[in-house]
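The structure under discussion appears below in the form of C-alpha coordinates.
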Amino acid sequence: GGGNSGGNSGSGGKSSVSSGIVYNPSQENGNKTPTDTDVKFNDISDTEWAREAIESLSGKGILNGDGNGRFRPNDFVTRSEFVKISVMAMKLSDDSAKCSFNDVSENDWYYPFAASAVKCGIINGDDDNRFRGSENISREDVAAILYRLCLLKNVTFEKAEDEPEVFADEEN
(Lines give C-alpha, C1' and ligand atoms only; values in the text may rest on other atoms or scores of the structure.)
Protein backbone atom coordinates (compact mmCIF):
# COMPACT_ATOMS: atom_id res chain seq x y z
CA GLY A 1 0.00 0.00 0.00
CA GLY A 2 1.23 3.44 0.88
CA GLY A 3 4.44 4.37 2.59
CA ASN A 4 7.70 2.83 1.58
CA SER A 5 6.92 -0.85 2.06
CA GLY A 6 4.93 -1.25 -1.13
CA GLY A 7 2.33 -3.14 0.88
CA ASN A 8 4.35 -6.28 0.40
CA SER A 9 5.82 -6.61 3.88
CA GLY A 10 9.12 -7.62 2.37
CA SER A 11 7.65 -10.79 0.91
CA GLY A 12 10.52 -11.08 -1.52
CA GLY A 13 8.56 -13.87 -3.16
CA LYS A 14 8.24 -14.30 -6.87
CA SER A 15 5.05 -14.05 -8.82
CA SER A 16 4.09 -14.30 -12.44
CA VAL A 17 3.32 -10.60 -12.07
CA SER A 18 6.13 -8.82 -10.28
CA SER A 19 7.31 -5.26 -10.29
CA GLY A 20 7.35 -3.63 -6.85
CA ILE A 21 5.32 -0.60 -7.81
CA VAL A 22 4.84 1.88 -5.02
CA TYR A 23 3.07 5.19 -4.74
CA ASN A 24 4.56 7.26 -1.97
CA PRO A 25 2.20 10.13 -1.16
CA SER A 26 4.79 12.00 0.86
CA GLN A 27 7.14 12.28 -2.12
CA GLU A 28 5.02 12.72 -5.23
CA ASN A 29 1.48 12.76 -6.46
CA GLY A 30 0.13 9.87 -8.52
CA ASN A 31 -0.20 11.97 -11.65
CA LYS A 32 3.40 13.22 -11.70
CA THR A 33 5.15 12.68 -14.99
CA PRO A 34 8.89 12.86 -14.34
CA THR A 35 11.41 12.63 -17.14
CA ASP A 36 13.18 9.36 -17.87
CA THR A 37 16.38 10.85 -16.44
CA ASP A 38 14.68 11.18 -13.03
CA VAL A 39 14.40 7.40 -12.70
CA LYS A 40 17.30 5.37 -11.31
CA PHE A 41 16.89 2.17 -9.33
CA ASN A 42 19.75 0.39 -7.57
CA ASP A 43 18.15 -3.08 -7.46
CA ILE A 44 17.30 -3.93 -11.07
CA SER A 45 20.70 -5.27 -12.19
CA ASP A 46 19.32 -8.85 -12.07
CA THR A 47 16.43 -7.79 -14.30
CA GLU A 48 18.46 -6.30 -17.12
CA TRP A 49 15.97 -7.78 -19.61
CA ALA A 50 13.31 -5.45 -18.14
CA ARG A 51 15.44 -2.39 -17.37
CA GLU A 52 14.32 -0.33 -20.38
CA ALA A 53 10.62 -0.99 -19.72
CA ILE A 54 10.93 -0.34 -15.98
CA GLU A 55 12.76 2.94 -16.49
CA SER A 56 10.47 4.07 -19.31
CA LEU A 57 7.27 3.37 -17.35
CA SER A 58 8.79 4.94 -14.26
CA GLY A 59 9.72 8.01 -16.27
CA LYS A 60 6.09 8.34 -17.31
CA GLY A 61 4.83 8.10 -13.71
CA ILE A 62 3.17 4.72 -14.29
CA LEU A 63 5.57 2.80 -12.03
CA ASN A 64 7.30 4.13 -8.92
CA GLY A 65 10.03 2.91 -6.64
CA ASP A 66 9.97 2.75 -2.88
CA GLY A 67 11.44 6.22 -2.39
CA ASN A 68 14.81 4.79 -1.35
CA GLY A 69 16.17 4.03 -4.82
CA ARG A 70 14.70 0.53 -4.95
CA PHE A 71 12.20 -0.85 -7.44
CA ARG A 72 11.80 -4.24 -5.72
CA PRO A 73 11.37 -6.30 -8.90
CA ASN A 74 10.83 -9.58 -7.04
CA ASP A 75 8.06 -8.39 -4.72
CA PHE A 76 4.48 -9.39 -5.33
CA VAL A 77 2.17 -6.79 -6.87
CA THR A 78 -0.83 -5.74 -4.80
CA ARG A 79 -4.30 -5.11 -6.13
CA SER A 80 -3.96 -1.37 -5.50
CA GLU A 81 -0.60 -1.25 -7.29
CA PHE A 82 -1.94 -3.05 -10.36
CA VAL A 83 -5.01 -0.83 -10.51
CA LYS A 84 -2.77 2.23 -10.33
CA ILE A 85 -0.63 0.86 -13.19
CA SER A 86 -3.72 0.13 -15.27
CA VAL A 87 -5.33 3.52 -14.69
CA MET A 88 -2.12 5.45 -15.34
CA ALA A 89 -1.03 3.39 -18.36
CA MET A 90 -4.41 3.72 -20.06
CA LYS A 91 -4.82 7.39 -19.05
CA LEU A 92 -8.07 6.74 -17.18
CA SER A 93 -7.37 8.92 -14.17
CA ASP A 94 -10.46 10.95 -13.28
CA ASP A 95 -10.18 13.38 -10.38
CA SER A 96 -13.99 13.55 -10.07
CA ALA A 97 -14.38 9.77 -9.68
CA LYS A 98 -15.70 8.38 -6.40
CA CYS A 99 -15.89 4.89 -4.96
CA SER A 100 -17.53 3.47 -1.88
CA PHE A 101 -15.67 0.28 -1.03
CA ASN A 102 -15.99 -0.65 2.65
CA ASP A 103 -12.20 -0.90 3.00
CA VAL A 104 -11.12 2.18 1.02
CA SER A 105 -10.87 5.66 2.49
CA GLU A 106 -10.46 8.90 0.57
CA ASN A 107 -7.18 9.23 2.53
CA ASP A 108 -5.73 6.03 1.02
CA TRP A 109 -2.98 6.71 -1.53
CA TYR A 110 -4.77 4.49 -4.06
CA TYR A 111 -8.25 6.01 -3.65
CA PRO A 112 -8.14 8.10 -6.87
CA PHE A 113 -6.99 5.08 -8.88
CA ALA A 114 -9.60 2.72 -7.40
CA ALA A 115 -12.30 5.35 -7.92
CA SER A 116 -11.22 5.93 -11.54
CA ALA A 117 -11.15 2.17 -12.16
CA VAL A 118 -14.66 1.76 -10.74
CA LYS A 119 -15.98 4.67 -12.79
CA CYS A 120 -14.73 3.19 -16.05
CA GLY A 121 -15.82 -0.34 -15.10
CA ILE A 122 -12.54 -2.22 -14.87
CA ILE A 123 -12.91 -3.22 -11.20
CA ASN A 124 -15.76 -4.24 -8.93
CA GLY A 125 -15.89 -4.95 -5.24
CA ASP A 126 -16.10 -8.41 -3.77
CA ASP A 127 -19.31 -9.81 -2.25
CA ASP A 128 -18.70 -7.67 0.87
CA ASN A 129 -18.06 -4.51 -1.19
CA ARG A 130 -14.34 -4.58 -0.44
CA PHE A 131 -11.47 -3.70 -2.78
CA ARG A 132 -8.77 -5.55 -0.77
CA GLY A 133 -6.09 -3.16 -2.07
CA SER A 134 -3.26 -4.43 0.11
CA GLU A 135 -3.67 -8.06 -1.00
CA ASN A 136 -1.42 -9.53 -3.68
CA ILE A 137 -3.21 -9.59 -7.01
CA SER A 138 -3.91 -12.99 -8.56
CA ARG A 139 -3.29 -13.89 -12.20
CA GLU A 140 -7.05 -14.33 -12.51
CA ASP A 141 -7.71 -10.75 -11.37
CA VAL A 142 -4.95 -9.43 -13.65
CA ALA A 143 -6.60 -11.22 -16.58
CA ALA A 144 -10.06 -9.89 -15.65
CA ILE A 145 -8.83 -6.29 -15.39
CA LEU A 146 -6.88 -6.52 -18.63
CA TYR A 147 -9.91 -8.05 -20.37
CA ARG A 148 -12.15 -5.21 -19.15
CA LEU A 149 -9.54 -2.67 -20.27
CA CYS A 150 -9.55 -4.23 -23.73
CA LEU A 151 -13.35 -4.07 -23.87
CA LEU A 152 -13.22 -0.44 -22.74
CA LYS A 153 -10.77 0.32 -25.55
CA ASN A 154 -12.90 -1.63 -28.09
CA VAL A 155 -10.39 -4.43 -28.61
CA THR A 156 -12.11 -7.51 -30.02
CA PHE A 157 -11.15 -11.13 -29.46
CA GLU A 158 -11.57 -14.27 -31.51
CA LYS A 159 -11.26 -17.76 -30.08
CA ALA A 160 -8.45 -19.78 -31.64
CA GLU A 161 -9.36 -23.26 -32.87
CA ASP A 162 -6.76 -24.89 -30.63
CA GLU A 163 -7.56 -22.80 -27.55
CA PRO A 164 -8.05 -25.02 -24.49
CA GLU A 165 -11.38 -24.98 -22.68
CA VAL A 166 -9.59 -25.41 -19.35
CA PHE A 167 -6.08 -24.32 -18.43
CA ALA A 168 -3.74 -26.97 -17.03
CA ASP A 169 -2.93 -24.74 -14.03
CA GLU A 170 -6.50 -23.55 -13.43
CA GLU A 171 -6.35 -24.44 -9.72
CA ASN A 172 -3.46 -22.00 -9.28
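If you roll a 1.4 Å probe over region 90-172 with all protein chains in place, what percent of the accessible area is carbon or sulfur? List each step's numbers first, then the result.
Working: 2710 of 5900 Å².
Carbon and sulfur atoms account for 46 percent of the accessible area of region 90-172.
Which of the aspartates and glutamates could a cross-linker span from K60 if the Cα-Cα distance has to be under 20 Å and same-chain partners fewer than 8 positions apart are dropped?
E28, D36, D38, D43, E48, E52, E81, D94, D95
For the cross-link pairs K98/K159; K84/K159; K119/K153, which exceed 26 Å when the distance is taken from alpha carbon to alpha carbon?
On the way: K98/K159 36 Å; K84/K159 29 Å; K119/K153 14 Å.
As for pairs spanning more than 26 Å Cα to Cα, those are K98/K159; K84/K159.
Rounded, prolate or oblate: which fits region 45-96 when a ≥ b ≥ c are the square roots of the eigenvalues of the alpha-carbon gyration tensor, with rounded for a/c under 1.5 and prolate only if a/b beats b/c? Before the final figure, lay out the partial values.
Numbers: a/c = 2.11, a/b = 1.70, b/c = 1.24.
Here region 45-96 falls in the prolate category.
In nm, to one decimal, how far is the S56 label point from the K159 one, both placed 7 Å along Cα→Cβ?
The modelled label-to-label distance comes out at 3.4 nm.
Report, as a whole number in µm² per second, the diffusion coefficient that Stokes-Einstein gives for region 81-124 at 10 °C and 1.306 mPa s using the Kirkwood radius over alpha carbon pairs.
Values: Rh = 10.1 Å.
In µm²/s, the coefficient rounds to 157.
Which peptide among 154-165, 134-145, 113-124, 52-63 comes first, and what is the full order, when sorted by highest mean count of other Cβ atoms within 10 Å? Mind dumping the intermediate values first?
Working: 154-165: 6.5, 134-145: 15.6, 113-124: 21.2, 52-63: 17.6.
So the order, starting with the most tightly packed, is 113-124, 52-63, 134-145, 154-165.
What would the Debye equation give as log₁₀ I(q)/I(0) for region 85-163 at q = 0.18 Å⁻¹, counting only Cα atoms as equal point scatterers?
Once normalised to I(0) and log-transformed, intensities are -0.77.
The values are calculated or read from the model by the stated rules, or taken from the named source; none is laboratory data. Keep in mind that what you see is a predicted model, and the values were worked out from it rather than measured. When we count neighbours, we look across all protein chains shown, and the Cβ atoms used for this are built from the backbone with ideal geometry, even at glycine. Areas reflect the complete protein model, heavy atoms only, side chains present, ligands, DNA and RNA absent. Shrake-Rupley method; radii C 1.70, N 1.55, O 1.52, S 1.80 Å.
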